[in-house]
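Take a look at the structure set out below.
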Amino acid sequence: MSEVSKGLENVFIKTTSLTYIDGEAGILRYGGYDINDLVENCEYEEIIHLMLFGDLPSASQLQKIKEKINESYNVPYQVFEVLEKLPQDADAVGMLETAFSMLSSFYNYPWKKDENKWRAIEIIAKTSTLVSNIYRIKEGMKPRLPELSDSYARTFLETAFSRRPSDEEVKAMNATLIIYADHEVPASTTAALVTASTLSDMYSCMVSALAALKGPLHGGAAEATFEQLKEIGDESKVEEWFDKKIIKEKNRLMGFGHRVYKTYDPRAKIFKKYAEEIAKTPEAKKYLRIATKLEELGIKHFAEKRIYPNVDFYSGIVFYSLGFPEYMYTTLFALSRVLGWLAHIIEYVEEQHRLIRPRALYVGPIKRDFVPLKYRE
């Protein structure tokens, strides 16, 4: 008899040379390069080249990537007009879905092997413009196009906040972009792959990915984790909160546990380091102290079950310290992950394309005799 793999757990849907994960050892590599080395030594633009073209770029190749990004930031004004007309409390990821859906009408390019990767870079650039302006619109500011710089991370922060960010902020934003860039085929990437398998356009694939990312069990986890820290309120209340909410009421400890990792998520370690470096205000330091104490309790309680902090446990503190409100956290995830989505769909369409059409195992009645409506009770 056929078996159903719930959640598609341990079902392989493609081969990839993009991202390697060893969940037992806590290893994450992009194209063979360790995530720690990439975060400490690379600009996000180098990771774009690595993911799309297969290796870290030379100086001239990196310059070409940056030039392509700088010439692709523009977004049609009609998109901003629509975003400004959405409700003030509209979901930020939903706003990004709306924008991408509109762009699929402006840039409905067919798949072409010699153009796909450069089209992807255009989308990555426009995503920066969209995400920064979604923040601006929700904060009551007017949209603005980016002022060009030699850094994708710097340009994004400058556009969002209308100020020159510090080198420390740029470094933290750059690290965030690299950390979230890809993670094999979670729900959002799978959704993008299903859409790409029909040969729908890249922007429509991004809409599918965003719809899956929006949920609190995926991209929304950082927001939910930070809400948890706010609910606790003070480090002196961590133990009381943990005993009541986690032990007695058996609620889920957000930011803990991962489908793949059975040890400490390597991305969480990096985010913790940056949280410690960038948390400067009294409030940010308070949240860091709460998170640190909560981590200790969580590991003490869950380590035997091999449940440890994941990427979302400390990322919210980094986002908060950069100046972003909670409603932007999932959208910031998308800003980075759009690279992974695009790299995976290009890899799939160009190298192993087949329409994704799974089956469902039928468990209902095999055959019933039809009864006309007038004879049914």
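Summary of values
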item	result
Among the residues listed as Arg119, Arg154, Arg144, the single one being farther than 26 Å from Ile270 by Cβ and assigned to a helix (DSSP H, G or I)	Arg119
Test for Asn70: is it open to solvent by less than 50 Å² (accessible area, probe 1.4 Å), in the same structural domain as Ala160 (by the TED database) and over 21 Å from the mean Cα position of the chain (by Cα)	yes
Test: residue in the range 20-33 that is farther than 26 Å from Ala268 by Cβ, at pLDDT 95 or above and exposed (fewer than 15 other Cβ atoms within 10 Å of the Cβ)	no
Checking Leu199 against (1) under 28 Å from Gly26 (Cα atoms); (2) of a type in the set (A, V, I, L, M); (3) at pLDDT 95 or above, the condition it does not meet	(1)
Selection status of Ile137, farther than 27 Å from Thr198 by Cα, of a type in the set (A, V, I, L, M) and not in a loop (DSSP other than H, G, I, E, B)	yes
Single residue of the range 288-302 satisfying the filter (under 26 Å from the mean Cα position of the chain (by Cα) and over 12 Å from Val238 (Cβ atoms)) that is most open to solvent (accessible area, probe 1.4 Å)	Ile299
Pair list, Cβ < 9 Å and 6+ apart or interchain, from the range 243-266 residues that are over 18 Å from Glu184 (Cα atoms) and free of Cβ contacts under 8 Å to residues at least 24 places away in the same chain to residues that are open to solvent by less than 20 Å² (accessible area, probe 1.4 Å) and assigned to a loop (DSSP other than H, G, I, E, B)	Lys245/Leu253
Residue count, the range 107-138 (criterion: surrounded by fewer than 23 Cβ atoms within 10 Å (Cβ to Cβ) and free of Cβ contacts under 8 Å to residues at least 40 places away in the same chain)	4
Residue tally, condition farther than 12 Å from Asp182 by Cα and not in a loop (DSSP other than H, G, I, E, B), over the range 1-39	11
Subset of the range 213-223 [open to solvent by 30 Å² or more (accessible area, probe 1.4 Å) and either free of Cβ contacts under 8 Å to residues at least 40 places away in the same chain or of a type in the set (Lys, Arg) (or both)]	Lys214, Pro216, Leu217, His218
Of all residues making up the range 153-187, the number that are touching a residue at least 60 places away in the same chain (Cβ under 8 Å), buried (at least 21 other Cβ atoms within 10 Å of the Cβ) and either in contact with a strand residue (DSSP E or B) (Cβ under 6 Å, 6 or more places away or on another chain) or among the β-branched types (Val, Ile, Thr) (or both)	6
Residue check, Tyr264 open to solvent by 10 Å² or more (accessible area, probe 1.4 Å), within 23 Å of Asn10 (Cα to Cα) and in contact with a helix residue (DSSP H, G or I) (Cβ under 9 Å, 6 or more places away or on another chain)	yes
Qualifying residues in the range 294-333 (those that are at pLDDT below 95 and not in a helix (DSSP H, G or I)) - the one nearest to Ile278 (Cα to Cα)	Val311
Failed criterion for Thr129 (all others in (1) out of contact with any Pro (no Cβ under 7 Å at 6 or more places or on another chain); (2) hydroxyl-bearing (Ser, Thr, Tyr); (3) more than 23 Å from Leu193 (Cβ to Cβ) hold)	(1)
Residues within the range 188-211 that are of a type in the set (A, V, I, L, M, F, W, C) and open to solvent by less than 30 Å² (accessible area, probe 1.4 Å), tallied	9
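Quick grid of which residues meet (1) touching a His at 6+ places or on another chain (Cβ under 9 Å); (2) open to solvent by less than 30 Å² (accessible area, probe 1.4 Å); (3) free of Cβ contacts under 8 Å to residues at least 24 places away in the same chain:
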site: Leu50; (1), (2), (3): no, yes, yes
site: Ala59; (1), (2), (3): no, no, yes
site: Ile65; (1), (2), (3): yes, yes, no
site: Glu84; (1), (2), (3): no, no, no
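The values are calculated or read from the model by the stated rules, or taken from the named source; none is laboratory data. Computed from a predicted structure; not experimentally measured. No Cβ is skipped: glycine too gets one built from the backbone with ideal geometry, and neighbour counts run over all protein chains shown. Calculation scope for accessible area: heavy atoms of the full protein, side chains included, ligands and nucleic acids excluded. Shrake-Rupley method; radii C 1.70, N 1.55, O 1.52, S 1.80 Å.
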